[in-house]
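The values are calculated or read from the model by the stated rules, or taken from the named source; none is laboratory data. These figures come from a predicted structure and were not determined experimentally. Methodologically, a virtual Cβ is constructed for each residue, glycine included, from the backbone with ideal geometry; neighbour enumeration extends over all protein chains shown. These area figures cover heavy atoms from the full protein model, side chains too; ligands, DNA and RNA do not enter into them. Shrake-Rupley method; radii C 1.70, N 1.55, O 1.52, S 1.80 Å.
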Amino acid sequence: MSLRTARALTGIYLLAALVAVTWPGLIPFARVEPMILGLPFALAWIAAWVAGTVIVLYLLDRVERRYRDAASGRAG
Amino acid sequence: MEQWVVVTIIIALYLGLTLTIGLMAGRKQTDSVAGYVAADRSFGLLVMYFVTGASVFSAFAFLGGPGWAYSRGAAAFYILAYGALGMAPFYWIGPRIAALGRRHGYVTQAQLITGRFPSKTLSGLIALLSLIAFVPYVTIQMRGAGIVIEAVTDGHVPLWLGALVAYGIVITYVLSAGAMAVGWTNTFQGIFMVVIAWTLGLYLPYRLYGGIGEMFSQIAAARPDLLVPPGLDAAGDPWSWGAFTTFILVSAVGLMMWPHLFMKAFTAKDDDTLRRTVILFPTFQLFLIPVLLIGFSGVLFAGTPPSSDFILPFMILETDLPAIVVGLFCAGALSASMSTGDALLHASASVAVEDGVQQFVELSEAAQKRLMQGLVLLTGAIAYYYALDPDSSLVQLLASAYGIISQFAPPVVAALYWRRATTQGVMAGLIVGAATAFVFWQNPQWKPFDMHEGIIALIVHVPVLVAVSLATSAQSDEHVAAFVD
């Protein structure tokens, strides 16, 4: 994946996360049922977006790292 | 042995250990300003992770979080929602700030901003606004520490004494060892409070309701409105979506603009450490889930605490836990309070000297360090004075502090990403933004859609920054090239 695509996808995920945990994105999910792991649905929904951020940033880092290594390889 | 004696012994052990770690850490540090303020730019991943996490999770998270969940229900979900969003952009911004810090010797946020936008007045203004936001924040940490100690020792150790001892220790290690002590004590305190939070957060729902799902089912049956966002306001009426959304927005924007967190970018050993800290930060954020569980477990619990901020110590005492658990809980809460308080005291003194005084009076390195240490003491004393005042409406002040702090975001972004920004533009934006936040904080009835004053201020701030920048003459290309790629 190119660096540009990886950054764009990360940006899209973060924007989506912002909408998902605030008005109006949260409205359809602002309910108690179905409970997930014993948590009200809205709480589990927000927690899932937070956990997803770790995965997305990790994947972004893998791409960024490859490009940094390539750049320093050229410089060295 | 009586319970409060056991509890007091555990607290004393915890405080002694913290002090030892703080004093030991400082021995590795050079006797310079970069050493005192930025720990010689030496922090690895473990310390960076906990220094960031533990500085963010303050007494507000540990005591206020359960308090919100208990009294305002789903409104407390906002605390979980903003952190990851606020931190993520620092994957890119953090290493750029750090690189500029290494190149130009910056150790504070204002140095970075005024490096790009040279102005002594701007530097002084940033220092002043930072201090206005800091004092109520430190005060809340101290009061939190005092409240916990007083509650769990049955009043044998009163608030004034508990806060004095806990913060006497904080001030001792901050004075002697600066950033290095803050880093290593926060690592210890961070591990401690995560373990305590998960333990209590899982234990209390099981003990009181027989399980987490069981707890929420019972709450949903008894109080169906409580668990549905945006939850309730402070008076118990339904909260507005406008307020819920803008609280998340202003907290996300403001989070990393707090000078004590922003400055952490200058303490990292290298860029990879910074990036990994950002990637891992949301895992620390999830530690708010057990904190919320603790608060929710109090909802159907018989008895009412004196105020919702007391829910955690109140429940701990009411549920008849072994003394050792009460003691450990208390140490966890102190960890949360002290690990934020130390970073705040340290940053406020560094900012006041580097960005305030030093701009107008030439000082030697030794004099700068002495002055910082004097200011740590002074800030601590002012905060202590307010911490003892039961009527001070500091929770209100803290909410407004985010309004001020979030106004640092446009100058930082402009400094790093916008070539055409000018000193006059940044200055005008900052003044108008801070003034707007103040006016709407004083007159909440004017707020459109119940929005947080910080967001209203940003909506005014950004156009002013852009318009005044475009109306004034651009900075020279060579100057800008050092900051913008």
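Taken over the stretch B:90-166, the convex hull of the Cα atoms encloses 129 Å³ per residue. Over the protein assembly as shown, the reciprocal of the mean inverse Cα-Cα separation, the Kirkwood hydrodynamic radius, stands at 24.0 Å. Placing unit charges on the Cβ atoms of the charged side chains and taking the dipole of chain B about its Cα centre, the candidate lying farthest along the positive direction among B:241, B:176, B:33 is B:33.
Over all residues in B:278-286, what is the mean tally of Cβ atoms on other chains that come within 10 Å of each residue's Cβ? Counting Cβ atoms of other protein chains within 10 Å of each residue's Cβ and averaging gives 5.
When each of the peptides B:437-446, A:22-31, B:353-362, B:193-202 is scored by the mean number of other C-beta atoms lying within 10 Å of its residues, the order from highest to lowest reads B:193-202, B:353-362, A:22-31, B:437-446. Among residues other than residue B:353 with Cβ under 12 Å from its Cβ, the summed charge is -1 (Lys and Arg +1, Asp and Glu -1).
Both numbers refer to the Cα atoms of chain B; Rg and Dmax are 22.1, 75 Å.
Taking every residue in A:5-18 and counting other chain Cβ atoms within 10 Å of its Cβ, the average works out to 2. Across the stretch B:405-414, coupling constants 3J(HN,Hα) worked out from phi with the 6.51/-1.76/1.60 Karplus curve, θ = phi - 60°, read 4, 5, 6, 7, 5, x, x, 5, 4, 4 Hz, and Gly and Pro carry x.
Using the Cα centre of the stretch B:1-157 as the reference point, and only Cβ charges (+1 on K/R, -1 on D/E), how large is the resulting charge dipole? Debye, rounded to the nearest 20.
Charge dipole, the stretch B:1-157, about its Cα centre: 840 debye, nearest 20.
Computed with a 1.4 Å probe on the full set of protein chains, the accessible area for residue B:369 sits at about 30 Å². For the set B:143, A:7, solvent exposure ranked by accessible area (probe 1.4 Å, protein chains only) runs largest to smallest as A:7, B:143. Inter-part distance, the stretch A:32-51 to the stretch B:311-384, computed on C-alpha centroids, equals 34 Å. Using 0.36 nm per residue and subtracting the Cα-Cα separation, the extra length available between residue B:443 and residue B:304 on full extension is 46.8 nm. With both labels modelled 7 Å from their Cα along Cα-to-Cβ, the residue B:27 to residue A:48 distance reads 5.2 nm.
Peptides B:124-135, A:58-69, ordered by how many other C-beta atoms sit within 10 Å of their residues on average, highest first, read B:124-135, A:58-69.
The alpha-carbon atoms of the stretch B:257-391 define a convex hull whose volume equals 175 cubic angstrom per residue. If you model the stretch B:338-448 as an ellipsoid using its alpha carbon gyration tensor, with each semi-axis the square root of five times an eigenvalue, the axes come out at 27, 25, 11 Å, biggest first. Over the stretch B:184-325, the Kirkwood radius and the radius of gyration, each from Cα atoms, give a ratio Rg/Rh of 1.02.
Could you compute the FRET efficiency for residue A:37 and residue A:3, with r as their C-beta to C-beta distance and R0 at 41 Å, rounded to 0.05? Here the calculated transfer efficiency is 0.70. Listed cross-link partners B:264/B:447; B:264/B:369; B:120/B:369 are compared with a 28 Å cut-off, the Cα-Cα value being larger for B:264/B:447. Legend: translational diffusion of the stretch A:3-75 by Stokes-Einstein, Rh = Kirkwood radius over C-alpha pairs, 20 °C, 1.002 mPa s; D = 153 µm²/s. Here the Karplus curve 6.51 cos²θ - 1.76 cosθ + 1.60, taken at θ = phi - 60°, turns the phi angles of the stretch B:215-220 into couplings of 4, 5, 4, 5, 5, 4 Hz, with x standing for Gly and Pro. Accessible surface ranking for B:90, B:301, 1.4 angstrom probe, highest first: B:301, B:90. Quick check: Cα centre of the stretch B:204-281 to Cα centre of the stretch B:63-101, how many Å? Answer, in whole Å: 7.
With a 1.4 Å probe and every protein chain kept in, tell me what percent of the accessible surface of the stretch B:299-390 is carbon plus sulfur.
63
Compared with the direct C-alpha span, the chain from residue B:202 to residue B:172 gains 7.3 nm at full extension, assuming 0.36 nm per residue. Across peptide A:52-59, the mean count of Cβ atoms from other chains lying within 10 Å of each residue's own Cβ comes to 5.
Taking 0.36 nm per residue of separation and subtracting the Cα-Cα distance, full extension of the segment from residue B:17 to residue B:459 would add 154.4 nm. Here the stretch B:1-106 is treated as a sphere whose radius is the Kirkwood value from Cα pairs; by Stokes-Einstein at 37 °C and 0.692 mPa s it diffuses with a coefficient of 186 µm²/s. Charge tally around residue B:274: other residues with Cβ under 14 Å, Lys/Arg +1 each, Asp/Glu -1 each, net +4. With r as the distance between the Cβ atoms of residue A:58 and residue B:119 and R0 = 35 Å, compute the FRET efficiency 1/(1 + (r/R0)^6) and round to 0.05. According to the calculation, E is roughly 0.30. Buried accessible area between B and A (1.4 Å probe, both chains summed, ligands and nucleic acids excluded), in Å² to the nearest 100? Looking at B and A, the buried total is near 2800 Å². Take the stretch B:1-129 with all the other protein chains still there, run a 1.4 Å probe, and you get 32 Å² of accessible area per residue. Local charge for residue B:221 was computed over the other residues whose Cβ lies under 15 Å away, with Lys and Arg +1 and Asp and Glu -1, and equals -1.
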